[in-house]
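The values are calculated or read from the model by the stated rules, or taken from the named source; none is laboratory data. Computed from a prediction, not measured in an experiment: that's the story for all the values here. Note that each Cβ is placed from the backbone with ideal geometry, even for glycine, and that neighbours are counted across all protein chains shown.
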Amino acid sequence: MRRVSTAVDTGWRFREAGKTSGIPRVFRLRPHRSARQQLIDDPFYRDNEQKLQWIGKTDWEYQTSFNLTTEIFARKNLELVFAGLDTYADIFSQ
């Protein structure tokens with residue numbers, strides 16, 4: 001069986017679950033690292049780390065879209081690998 005790989009590490013958006021706006025991001029980053037660029041203060045400055053504990057206690061939604069070839073869809077089995085997930089997650093397809 002020949003392995004076919006499709007990168008899906010661009011075009012992602014993340015947002016706090018239930019919110020309507022999202023922020024574009026690179027898939028490999030964690031929410032607090034992405035958010036730090038635009039939304040939050042430096043967590044390593046003074047007592048900011050304590051003020052930012054809500055980030056790890058919040059549910060986050062990630063969304064992207066990508067196209068697959070008919071060759072890939074013709075396969076009996078498909079495997080979607082998320083190398084960056086380090087906690088519980090629910091994966092949905094639309």
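Pick from segment 41-88 the residues that are of a type in the set (Ser, Thr, Tyr) and either under 28 Å from GLY18 (Cα atoms) or surrounded by 10 or more Cβ atoms within 10 Å (Cβ to Cβ) (or both): which of them is modelled with the lowest pLDDT? The extreme case among them is THR87.
The rows are residues; the columns are (1) of a type outside the set (Val, Ile, Thr); (2) modelled with pLDDT of 85 or more; (3) surrounded by 13 or more Cβ atoms within 10 Å (Cβ to Cβ); (4) within 27 Å of GLN94 (Cα to Cα).
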{"position": "ARG2", "(1), (2), (3), (4)": "yes, no, no, yes"}
{"position": "ARG13", "(1), (2), (3), (4)": "yes, no, yes, yes"}
{"position": "PRO31", "(1), (2), (3), (4)": "yes, no, yes, yes"}
{"position": "GLN37", "(1), (2), (3), (4)": "yes, no, no, no"}
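Among residues of segment 37-91 being polar (S, T, N, Q) and in a helix (DSSP H, G or I), the one that is farthest from the chain's Cα centre (by Cα) is THR70.
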